[in-house]
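The values are calculated or read from the model by the stated rules, or taken from the named source; none is laboratory data. Just so we're clear, the structure is a prediction, and the values are computed from it rather than from any experiment. Ideal geometry is used to build each Cβ from the backbone, glycine not excepted, and the neighbour counts take in all protein chains shown.
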Amino acid sequence: MLFDTLVTMGGLQLNAVLGLSYNWLGKGACSIAAVLFVTFGPLQRAEVGFCMPIRWRGAYLWVLLGLMVFAVMFAPDLQVGAESFGYQLTMPGIAEELTYRGILLALLLRIYGNDARAMWLAALVTSVAFACIHDLDFHGKRIICPPGPFAFHFAMGMFFAWIRLSTGSLLMPILAHNLYNTAAEMGGLWRLAAGQVAARAASARAVWAVSARPITPVPRGWPSNDRPSARVEVTDYGITGGT
């Protein structure tokens, strides 16, 4: 988790220099480092989930569909654009699943064992780490952690860990992670379009309301403090607008 944080912070600085809005370099470097660790490190590829799914349950699809609907309706708005869609469709799921549901989960299972209790414990630890990396924020000596987002990311981490342990593969949690992020992006685009339509409709209603107001001539000499708003005044020089 510390390595992921450091690489991400360095990537953010380089991305700003290159004019990128998203952390392509940080997530890319983290993904490459994870692959190199699996290739040359002590873990076997199957332990990390570098294999095709060996088990499948229909419940995964229903839960994922529910999360995608939630993302479209309620997830925080992201930057909408081609770069954002490309990033959300690829990088977060690859880098984060390799780190948390791949390497970290495999290392914990080596420590705790492979029984059901060990799997639950490893899933809990990786989910807490996953939530911390998303929601912990340090301001001087203060540590800020909003409970709502933390609980949500913890639940998402448990869901991805469940898929990883149930299927024996990282492929499914990577796909689920990226599909959720992409659904959140689509939700932001949908809300942006809906907001623009609502704003245009409100503007049209305001214009119609002003244009539909009756024009009542006001006699000359009407006291200025008693003049109705947006009326027409009759003067020696013709008809002029009043306020």
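Within 20 Å of Cys30 (Cβ to Cβ) and over 21 Å from the mean Cα position of the chain (by Cα), is that true of Leu108?
The answer is yes for Leu108.
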Hey, any hits in segment 135-149 for a residue that's part of a helix (DSSP H, G or I), buried (at least 17 other Cβ atoms within 10 Å of the Cβ) and not basic (Lys, Arg)?
yes
Options Leu65, Leu78, Leu98, Leu2: the member that is out of contact with any Asp or Glu (no Cβ under 9 Å at 6 or more places or on another chain) and modelled with pLDDT under 75:
Leu2
Only one of (1) under 23 Å from Ser31 (Cβ atoms); (2) surrounded by fewer than 20 Cβ atoms within 10 Å (Cβ to Cβ); (3) modelled with pLDDT of 90 or more; (4) not small (Gly, Ala, Ser) does not apply to Leu179, and that is (3)
Take Met91 and tell me if it is surrounded by 14 or more Cβ atoms within 10 Å (Cβ to Cβ) and at pLDDT below 75.
no
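For the condition touching a residue at least 60 places away in the same chain (Cβ under 8 Å) and under 23 Å from Phe85 (Cα atoms), what is the one hit in His177, His134, His153? Please lay out each step first, then the result.
On the way: His134 fails: touching a residue at least 60 places away in the same chain (Cβ under 8 Å); His153 fails: touching a residue at least 60 places away in the same chain (Cβ under 8 Å).
The match here is His177.
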Looking only at segment 99-113, filter to residues that are touching a helix residue (DSSP H, G or I) at 6+ places or on another chain (Cβ under 7 Å) and β-branched (Val, Ile, Thr); which one of those is surrounded by the fewest Cβ atoms within 10 Å (Cβ to Cβ)?
Ile103
